[in-house]
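What follows is one structure encoded as structure tokens, with my remarks underneath.
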Amino acid sequence: MEDIKILIADDHPNFRKALKCVLGFEDGLKVVGESDSNQDALKKMTALLPDVILADLEDEGVDGIRLAEEIKEISPSTAIIIVTADDNSALRERAAKIGVSAYILKEDIVDDLLPAIRQTKIFSNVDC
């Protein structure tokens with residue numbers, strides 16, 4: 001089975017480094033790039049062709065919801081996982097409507113991130 005390719009977008013370098021480190025220990029996952037902004041992630045995604053983008057909801061340039069909208073227009077099969085500290089039900093609902101695969105709170109990331117990433121691969125292999 002092919003590795004799940006991941007692009008990490010977050011403005012906190014230590015958070016990106018921690019995610020990259022944790023994901024690097026997981027079989028079947030490969031971090032193909034990282035970005036300090038969602039805008040930069042949008043530029044990099046066409047060259048890196050990630051299966052999953054971990055996007056920060058709070059970004060000064062392009063917020064995670066807008067990034068997801070743009071990515072779904074360019075590459076509908078790319079999964080977007082919003083990672084945030086903002087537990088906002090309206091944003092969760094909006095994210096779900098545009099096809100975000102998961103909306104994960106940073107406080108729950110230890111329990112929720114790996115299953116969410118692996119779930120995207122399961123659903124990408126389903127031909128409906």
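Some points to look at:
- Considering the range 47-128, the qualifying helices (runs of 4 or more DSSP H), each wholly inside and each with 3 or more residues that are free of Cβ contacts under 8 Å to residues at least 12 places away in the same chain, run over 89-97, 109-124.
- Taking first residues from the range 8-24 that are closer than 17 Å to residue 40 by Cα and partners that are in a helix (DSSP H, G or I), the Cβ contacts under 7 Å between residues at least 6 apart in sequence or on separate chains come to 8/16; 8/19; 8/20; 9/38; 9/41; 10/16.
- Residue that is surrounded by the most Cβ atoms within 10 Å (Cβ to Cβ), among those in the range 30-48 that are aliphatic (A, V, I, L, M) and within 13 Å of the chain's Cα centre (by Cα): 41
- The listed residues are 13, 76, and the only one of them that is within 25 Å of residue 107 (Cβ to Cβ) and over 13 Å from the mean Cα position of the chain (by Cα) turns out to be 13.
- Scanning the range 1-46 for residues that are of a type in the set (S, T, N, Q) and assigned to a strand (DSSP E or B) returns a single hit, 35.
- Against the numbered list (1) surrounded by fewer than 21 Cβ atoms within 10 Å (Cβ to Cβ); (2) modelled with pLDDT of 90 or more; (3) touching a helix residue (DSSP H, G or I) at 6+ places or on another chain (Cβ under 6 Å); (4) of a type in the set (A, V, I, L, M), residue 55 comes up short only at (1).
- One residue stands out among those in the range 39-64 that are among the hydrophobic types (A, V, I, L, M, F, W, C) and touching a Gly at 6+ places or on another chain (Cβ under 7 Å): the one that is nearest to residue 5 (Cα to Cα), which is 48.
- Scanning the range 16-29 for residues that are closer than 21 Å to residue 107 by Cα and over 13 Å from the mean Cα position of the chain (by Cα) returns 17, 18, 21, 22, 24, 25, 26.
The values are calculated or read from the model by the stated rules, or taken from the named source; none is laboratory data. This one's a predicted model, so the numbers in the text were calculated from it and none came from an experiment. All Cβ positions, even for glycine, are placed from backbone atoms using ideal geometry, and neighbour counts span all protein chains on display.
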